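Notes for the one structure printed next.
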Amino acid sequence: MDTADTLTAVRLDPFGRDQHAENARLREAGPAVLVELPGGVVVWAITRHDTLQDLLADPRVGKNPRLWNTFNEGRLPEGWPLLNFVTVPGMVTADGEDHRRLRGLVSQAFTPRRIAELQPAIEARAEALLDGVELLEGEFDLREHFAYPLPMQVIGELLGLPPKQQDELHALSDTLVSSSATPEAALGAQRGLFALLASVVAAKRAEPGDDLTTDLIHAREADDRLSEEELVGTLLLMLVAGHETTLNLITNAVRALLAHPEQLRLVLDGEQPWSAVVEETLRHDSPVGQFPLRYAVEDIEVGGVLIRRGEALLASYAAAGRDPGHYPDADRFDLTRQPARHLSLGHGPHFCLGSGLARMEAETALRGLFGRFPSLALADGPAPEPIGSFVSNSVRVLRVRKA
């Protein structure tokens with residue numbers, strides 16, 4: 001049986017220049033493929049739908065980086081760009097009782113009622129942004145003028161973030177999730193984000209508001225509350241997941257619809273709901289390409305290879321979404337696909353707590369955009385450039401025109 005010692009690792013492109021072609025090659029190589037991340041860090045990419053679904057819910061796989069041999073033995077290169085991403089304190093790096101405790105505390109503030117109450121405000125923000133788009137002449141970047149500001153404003157208001165800091169927080173979170181950032185940039189982004197979010201927590205302690213940050217400060221279970229470090233780590237997770245993921249989802253959905261006008265017509269004619277666009281986009285062009293990291297708690301056999309205890313796993317959501325072994329004609333964007341189930345919002349204990357909000361925002365954004373501009377079209381020119389990360393999957397700019 002093959003192990004990490006007997007295989008040659010496939011080097012992943014840190015700039016994600018052709019993620020889907022790379023993912024196809026990884027799937028061909030097997031359900032668990034040894035890959036090299038930036039800095040020469042070697043992990044197992046889990047590339048196929050059924051295998052990934054099983055491992056995401058498998059108790060033999062954990063999220064705490066203390067389970068990772070490479071981390072514990074000090075073998076990570078100095079300034080490794082993803083270090084801060086995989087060690088941020090909070091739900092995303094907790095297991096077992098620690099994870100249940102944190103998720104229980106956070107879920108008190110992230111209730112379906114609160115999310116449902118956001119619907120009118122999200123619709124109003126979308127319409128206001130589209131009013132601005134109405135004034136634009138010629139070609140424009142849909143990502144900059146619509147897909148980015150909507151989720152940033154929504155998560156900013158939800159968390160009670162000062163509007164003047166939202167652009168800075170966006171730039172810092174972009175750097176944090178980048179697999180191609182320099183060590184200095186990654187460390188600076190981490191310090192900047194933690195400092196800004198710590199100042200938000202301090203301000204809300206002094207002057208509570210009607211927002212999630214205040215709710216998280218006061219959330220308790222028996223005599224238990226979030227520590228200061230857990231508070232800031234939770235806010236960081238919500239900030240990145242709450243706007244980066246939704247920004248990519250909206251951008252990818254618009255790009256797919258404009259590239260497949262026959263699919264757009266199905267929605268405009270009422271034959272398919274906007275929810276079908278969101279789910280098929282999540283499957284076909286996952287906003288998160290590869291999510292680092294999980295760790296084997298004990299030896300695990302996967303598809304003829306042995307993943308040893310303490311080795312790391314990469315959840316290849318974008319690869320699993322186009323697995324031909326699970327989805328017929330997997331590369332085709334098809335709103336009539338049944339069922340359109342996918343793993344792009346996670347699975348198992350770490351399933352995305354904000355999935356309802358992400359879906360609502362994306363549906364609202366798409367309905368409003370194409371309701372206002374049903375003849376929207378892609379601008380002429382070369383294909384859009386990827387954003388430069390194998391973690392985050394979208395394009396830097398999406399130039400469109402109002403026909």
* Structure fact -> Only one of GLU28, GLU73, GLU22 is among the acidic types (Asp, Glu) and touching an Asp or Glu at 6+ places or on another chain (Cβ under 7 Å), namely GLU22
* Could you say whether any residue in the range 130-137 is at pLDDT 90 or above and in contact with a Gly (Cβ under 7 Å, 6 or more places away or on another chain)? -> yes
* Give the number of residues within the range 94-117 that are modelled with pLDDT of 85 or more and either outside any helix (DSSP H, G or I) or hydroxyl-bearing (Ser, Thr, Tyr) (or both). => 2
* Among the residues of the range 50-62, is any over 21 Å from PHE351 (Cβ atoms) and either among the charged types (D, E, K, R) or not in a strand (DSSP E or B) (or both)? -> no
* Residue among ALA259, ALA296, ALA198 that alone is under 30 Å from LEU34 (Cα atoms) and of a type in the set (Gly, Ala, Ser) -> ALA296
* Do you know which residues across the range 245-298 are in contact (Cβ under 8 Å) with a residue 60 or more places away in the chain, part of a helix (DSSP H, G or I) and more than 29 Å from ASP174 (Cα to Cα)? -> GLN263, LEU264, LEU266, VAL267, LEU268
* Candidate set: the range 356-375, residues that are crowded, with 16+ Cβ neighbours inside 10 Å and out of contact with any helix residue (DSSP H, G or I) (no Cβ under 6 Å at 6 or more places or on another chain); chosen: the one farthest from ALA128 (Cα to Cα) -> MET360
* Hey, can you tell me all the residues within the range 211-231 that are over 20 Å from GLY356 (Cα atoms) and in contact (Cβ under 8 Å) with a residue 40 or more places away in the chain? => THR214, ALA219, ARG220, GLU221, ASP224, ARG225, LEU226, GLU229, GLU230
* Within the range 1-40, work out how many residues are buried (at least 22 other Cβ atoms within 10 Å of the Cβ), in a loop (DSSP other than H, G, I, E, B) and at pLDDT below 95. => 2
* Structure fact -> When (1) within 30 Å of ASP2 (Cα to Cα); (2) surrounded by 19 or more Cβ atoms within 10 Å (Cβ to Cβ); (3) at pLDDT below 95 are applied to ALA241, the one that fails is (1)
* Residues satisfying the stated conditions in the range 47-101, i.e. closer than 19 Å to SER286 by Cβ and among the polar types (S, T, N, Q) -> THR47, THR51, GLN53
* Asked: How many residues does the range 76-113 hold that are among the hydroxyl-bearing types (Ser, Thr, Tyr) and free of Cβ contacts under 8 Å to residues at least 24 places away in the same chain?
  -> 2
* Select from the range 342-359 the residues that are within 13 Å of VAL278 (Cβ to Cβ) and not hydroxyl-bearing (Ser, Thr, Tyr) and write down the one among them that is nearest to the chain's Cα centre (by Cα). => LEU345
* Asked: Considering only residues of the range 171-218 that are in a loop (DSSP other than H, G, I, E, B) and farther than 28 Å from SER392 by Cβ, which is modelled with the lowest pLDDT?
  -> ASP210
* Within the bounds of the range 264-276, is there any residue that is among the charged types (D, E, K, R) and surrounded by 21 or more Cβ atoms within 10 Å (Cβ to Cβ)? -> no
* Structure fact -> Of those in the range 66-93 that are at pLDDT 90 or above and in a loop (DSSP other than H, G, I, E, B), the residue surrounded by the most Cβ atoms within 10 Å (Cβ to Cβ) is TRP68
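The values are calculated or read from the model by the stated rules, or taken from the named source; none is laboratory data. This one's a predicted model, so the numbers in the text were calculated from it and none came from an experiment. FYI the Cβ positions are ideal-geometry reconstructions off the backbone, even for glycines, and counts take in every protein chain you see.
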